[in-house]
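Contents: one structure, followed by commentary.
The values are calculated or read from the model by the stated rules, or taken from the named source; none is laboratory data. Remember, predicted model here, so these are calculated numbers, not experimental data. Don't worry about glycine lacking a Cβ; one is built from the backbone with ideal geometry, like all the others, and counts go over all protein chains shown.
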Amino acid sequence: MPISARPVARLLRRLPILQGILPYERAWLPRDILAGVTLAALAIPEVMGYTKIAGMPVVTGLYTLLLPVVAFALLGSSRRLVVGADSATAAIMFAGFAGLGISGLQPQSPEWVGLASLSALLVAALLFLARLARLGFLADFLSRTVLIGFLTGVGIQVAMSQVGDMLGISSPAFSGGRFGDSLRAFWATLQDVDQTSGMTLLISLAVVLIVVGFERWVKHIPGGLVAVAGMILVSWAFDLSSHGVRTLGAGPGGLPAIAVPYGVTWQAAWNVLPIAASMAVVILAQSAATSRAYATRYGERFDENADLLGLGVANVGAGLTGTFVVNGSPTKTEMVDDAKGRTQVAHLTMAGVTALVLLVLTKPLEYMPHAVLAAVVFIIGLKLIDYHGMLDIYRLRRDEFVVATVTVVTVVVVGVEQGMILAIVLSVLVHVRRSYHPANTILIADDQGYLIGHSLEPGTFTKPGLVVYHFGTGIFFANANRLEADVHALMSVAAPPRWFILDASSIDDVDYTGGKVLLEVAEWLITQRVTFGISHVSEHVRRQLEHYGITATIGAGNVYVSSHAAIDAFDKAQPVV
């Protein structure tokens, strides 16, 4: 019997909590627990790798799988979405901090960690504001095209940034704060390739082979965990640090303390606010897209605005426990789905396993070579490069492929934060461009009587004396003049049509500018002794036509329920020969 049938569960379901768990069936519990343990085994090496991207101490990656995960499990709506450290937001944070130009600000320093935790609190505040304003829909403004381009660019930059540590070369840090910084750092690494540490390279290759090999042939065992555990054991047994291999060294253990971030000031908050805003947009878009995808796959309910609350509280937890921004992670969500997890109970199990690791297993981490994490992150970066997505865009939409490519280049050459801003701008511009230049046609009946769109050519008629002109989108300030230009072009022939019908089947809205232009077109056609009508009008657009005075100008009798009705009216109005 479902647990939700109990009185306590019924009460909980009325509250805005546990939406990602209830209703729950006892039969799911063993699978959720097993999925949570599996998720921990896969996610722990991954988040440790993300700390390299973010410039944070390794232990802070584990912190992202504690309080933030519990907060989202309690307050989020998605049953599947896994919250934790994420490569995209980690890369944005690193690039943003490196570009601040603050003297003495270095990765892993107390000042850097303090700013990271502060940025998590600012992200939380922005997500709360988005929740209050019910801005969950803004995720739809990032098109899949630019998200593919953005994540591909992040993947390339992340992979390049790890080559130095994989070779054991002390290369310049990847800042991404100024034009070309990442490329210059990568080039500097390649120039020093003769300084490669053979032992370090061997470790990196071994990690790559283990992870790739297990993913291909031993899928039921987490290759990342095997690689990390195995290399820690090898490093301890053979004292690799004495052979020139850099290791993590001693670090803090135990659960994180809850405290206000180090160095919190109004000036610090002002400095990192733009970085936090960029990360908030990524979180909003990526988390919503991931939640939506899995909710659709399993026919489950999903509330973007409830998830904003859960993500906001999760980032409060991150900020108060000394770690960095957390996000809804597509990779970790796929991990738990592949392990057959059904609800957030699996995620709570993962948090419990992580707490156990922090309490009793942090000592072995000091033997881990830097090259191990570099190799893990390198593989993560390669996985972010969406080759198939880019090829699919190229095959289906060449114009959108250009947009995706520009986004990739901007992320790699300029920086992640700038690439995110460009992605948002391009998403809007792509939409505006299509609406600005809609596929307008002249409708002509085929042999079966269906109206088919034909190219706009002056002198083309639906019937002799009649033009049924289809406008392909809503009429607004950017495309209203195109409508006017089309009408004048179709009328500028030796024998212009006597009737001109605007097919409004694709017009879902008419703004103020569009209404004024449409009224001017109607008045001009009337002066040309042309009967002007509008067909296939929705109720919403009909009210707008009345509001702008268009219906009164052309006459209510010239507003038709369909273009076929307008054509019938035209036929009846013709003189009998």
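Numbers at a glance
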quantity	calculated
Filter pass, residue 45 being crowded, with 16+ Cβ neighbours inside 10 Å, at pLDDT 85 or above and either under 26 Å from residue 365 (Cβ atoms) or β-branched (Val, Ile, Thr) (or both)	no
Subset of region 31-90 that is over 22 Å from the mean Cα position of the chain (by Cα) and either among the β-branched types (Val, Ile, Thr) or not assigned by TED's automatic domain parsing to the domain that holds residue 256 (or both) - its residue that is nearest to residue 342 (Cα to Cα)	33
Which numbered condition residue 99 fails, given (1) crowded, with 20+ Cβ neighbours inside 10 Å; (2) farther than 30 Å from residue 340 by Cβ	(1)
Region 444-480, subset more than 15 Å from residue 492 (Cα to Cα) and of a type in the set (D, E, K, R), residue surrounded by the most Cβ atoms within 10 Å (Cβ to Cβ)	463
Near pairs, Cβ below 8 angstrom, 6+ apart or cross-chain, from region 251-265 (free of Cβ contacts under 8 Å to residues at least 12 places away in the same chain) to any residue that is among the aliphatic types (A, V, I, L, M) and surrounded by 15 or more Cβ atoms within 10 Å (Cβ to Cβ)	none
Qualifying residue in region 526-538 (condition: closer than 16 Å to residue 463 by Cα, without any contact (Cβ under 8 Å) to a residue 40 or more places away in the chain and surrounded by 21 or more Cβ atoms within 10 Å (Cβ to Cβ))	yes
Residues (within 22 Å of residue 196 (Cβ to Cβ) and either among the hydrophobic types (A, V, I, L, M, F, W, C) or in contact with a strand residue (DSSP E or B) (Cβ under 7 Å, 6 or more places away or on another chain) (or both)) located in region 228-246	231, 234, 235, 238, 240, 241, 245, 246
Search result, residues across region 286-317 that are at pLDDT 80 or above, aliphatic (A, V, I, L, M) and touching a strand residue (DSSP E or B) at 6+ places or on another chain (Cβ under 9 Å)	311, 314
Selection count, region 337-389, where residues are hydroxyl-bearing (Ser, Thr, Tyr) and touching a strand residue (DSSP E or B) at 6+ places or on another chain (Cβ under 8 Å)	1
Residues located in region 99-134, provided they are in contact with a Phe, Trp or Tyr (Cβ under 8 Å, 6 or more places away or on another chain), in contact (Cβ under 8 Å) with a residue 60 or more places away in the chain and part of a helix (DSSP H, G or I)	110, 111, 113, 114, 115, 116, 117, 119, 120
Selected residue (criterion: farthest from residue 371 (Cα to Cα)) from residues of region 210-226 that are at pLDDT below 85 and small (Gly, Ala, Ser)	223
Looking only at region 404-440, and only at residues there that are at pLDDT 85 or above and in contact with a Ser or Thr (Cβ under 6 Å, 6 or more places away or on another chain), the one that is surrounded by the most Cβ atoms within 10 Å (Cβ to Cβ)	404
Enumeration of residues in region 211-240 that are over 30 Å from the mean Cα position of the chain (by Cα) and loosely packed, with under 11 Cβ neighbours inside 10 Å	217, 237
Elements of type helices (runs of 4 or more DSSP H) in region 453-556, at least 1 residues being within 43 Å of the chain's Cα centre (by Cα) and more than 24 Å from residue 569 (Cα to Cα)	480-491, 512-527, 539-547
Residue check, residue 359 more than 30 Å from residue 243 (Cβ to Cβ) and either touching a His at 6+ places or on another chain (Cβ under 6 Å) or surrounded by fewer than 19 Cβ atoms within 10 Å (Cβ to Cβ) (or both)	yes
Failed criterion for residue 340 (all others in (1) crowded, with 24+ Cβ neighbours inside 10 Å; (2) at pLDDT below 85 hold)	(1)
Filtered residues of region 1-39 (kept if surrounded by fewer than 17 Cβ atoms within 10 Å (Cβ to Cβ), of a type in the set (D, E, K, R) and modelled with pLDDT of 75 or more)	25, 26, 31
Residue within region 219-231 that is part of a loop (DSSP other than H, G, I, E, B) and in contact (Cβ under 8 Å) with a residue 60 or more places away in the chain present	yes
Test: residue in region 384-395 that is of a type in the set (Lys, Arg), at pLDDT below 80 and in the same structural domain as residue 97 (by TED's automatic domain parsing)	no
Residues (of a type in the set (A, V, I, L, M) and within 18 Å of the chain's Cα centre (by Cα)) located in region 241-289	275, 276, 277, 279, 280, 281, 282, 283, 284, 285, 288, 289
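Yes/no matrix, rows are residues, columns are (1) within 18 Å of residue 95 (Cα to Cα); (2) in a loop (DSSP other than H, G, I, E, B); (3) at pLDDT 85 or above:
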| residue | (1), (2), (3) |
| --- | --- |
| 174 | yes, yes, no |
| 177 | yes, yes, no |
| 183 | yes, no, no |
| 203 | no, no, yes |
| 208 | no, no, yes |
| 233 | no, no, yes |
| 255 | no, yes, yes |
